[in-house]
1. Tell me, yes or no, whether region 121-142 has at least one residue that is touching a helix residue (DSSP H, G or I) at 6+ places or on another chain (Cβ under 7 Å) and among the hydroxyl-bearing types (Ser, Thr, Tyr).
2. Within region 252-264, does at least one residue satisfy the condition of being part of a loop (DSSP other than H, G, I, E, B), closer than 25 Å to Glu15 by Cα and under 20 Å from the mean Cα position of the chain (by Cα)?
3. Just need a number here: residues in region 52-75 that are at pLDDT below 95 and over 18 Å from the mean Cα position of the chain (by Cα).
4. Please give the number of the condition Asp249 fails out of (1) within 22 Å of Gly19 (Cα to Cα); (2) free of Cβ contacts under 8 Å to residues at least 12 places away in the same chain; (3) among the acidic types (Asp, Glu).
5. Test Ser331 against the criterion of being polar (S, T, N, Q), buried (at least 20 other Cβ atoms within 10 Å of the Cβ) and under 23 Å from Asp131 (Cβ atoms), and give yes or no.
6. Quickly run through region 226-282 and pick out the residues that are among the small types (Gly, Ala, Ser) and open to solvent by 20 Å² or more (accessible area, probe 1.4 Å).
7. Taking region 186-216, which residues are of a type in the set (S, T, N, Q) and either open to solvent by 20 Å² or more (accessible area, probe 1.4 Å) or within 30 Å of Thr294 (Cβ to Cβ) (or both)?
8. Looking only at region 197-217, filter to residues that are among the hydrophobic types (A, V, I, L, M, F, W, C) and in contact (Cβ under 8 Å) with a residue 60 or more places away in the chain; which one of those is nearest to Ala39 (Cα to Cα)?
Amino acid sequence: MQWKRTLQLVDVHCEGEVGRVITSGVLDVPGATIADKLAHINEVDDSLRRTLVLEPRGGPTVAVVLLLPPTRPEADVGFILFLANHAYAMSGSNIMCAATALIETGTVHMDEPETKVVFDTAAGLVTVVADCSGGQVNRLSVAMPPAFVDRIGATIDTVDFGTVTYDLCFGGMYFAIIDAHQLGLNIVPEEAADLARSGVALRNQIAETIRVQHPEIADYNTLTHVMFISEQDDGSVLTCTTMRPGRVDRSACGTGSAALAALRIAQGRNRVHDTLITRSIIGSEFRTHIMGETRAGNFDAIETTLSGRCWLYGLSQVGIDSRDPFAEGFSLSDTWGGTLAT
């Protein structure tokens, strides 16, 4: 072996959505804050993300969490998320994966019945509380960033789908939330490919026609995902968040669930202290507890706590060979579906 770099990862999934957590092999990333470090990865040196998320070491469904030393004294650890096309500040499912990896490997001491981990993210400090017993993490709750509605009932004229109505909401990322039945689609495993293609196409078209800007966090300035929803008779909501280059979230999407809760409050369909249950295309579940009202700049916003379950399923070591011509990865359209533009 001629490895020029070795990385240790803990492999976790949250309600079916994979989150591989780098626990060693990266000392730090340049930047005074986590937001600076995120910008460095996206604008200066994207090689580590490409190495781990693209083939031959990754794939379209792989998400990787980079843990870093915190830049704020209140935090235990820094958090940056690697997805197929970009590095991001926040993800509900992946921050639960990170907390599970830290606690169950003993990096963070497990206290029963609850263990708290505070993450330093570019979206602010995020606290995760893990319910623990018998030496295991059973369920996790995440205090999500303030969620709000940017606009309701916006429309876009498309060649493929005609006029589509969407609601633009923020829950840790920006989402265009669309009723799946508008497109004649159902949120079922058999239609995952159609949902993914339609959602990514709509996201790209909507992003070309609108400008978004978080009122307090400069780096949140783009539409990230289209989330399809389907209301259920019992008050729960089926969700399908579509992700570039062309896949669907296996979980019910944490940041999307927070965004949806903000929309339902604005519509009068939920109230403070309600719990919104969202289910994914594979039937896994998140619970979003609506804790109270707040503000995000000039927007009325809500505070939410997201809860779900994670399972640690593997430990892995990744080596980067100095002779490997694909050290920074590659993607092919047969699997990845086309461009990985941000």
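The values are calculated or read from the model by the stated rules, or taken from the named source; none is laboratory data. It should be emphasised that the depicted structure is a prediction, and the values quoted were computed from it without experimental measurement. Cβ sites come from the backbone with ideal geometry, for glycine too, and all protein chains shown count toward neighbours. Keep in mind that these areas ignore ligands, DNA and RNA; they rest on the heavy atoms of the full protein, side chains included. Shrake-Rupley method; radii C 1.70, N 1.55, O 1.52, S 1.80 Å.
1. yes
2. yes
3. Residues in region 52-75 being at pLDDT below 95 and over 18 Å from the mean Cα position of the chain (by Cα): 3 in total.
4. (2) is the only condition that Asp249 fails.
5. no
6. Matches in region 226-282: Gly235, Gly246, Ala266, Gly268.
7. Matches in region 186-216: Asn186, Asn204, Gln205, Thr209, Gln213.
8. Ile217
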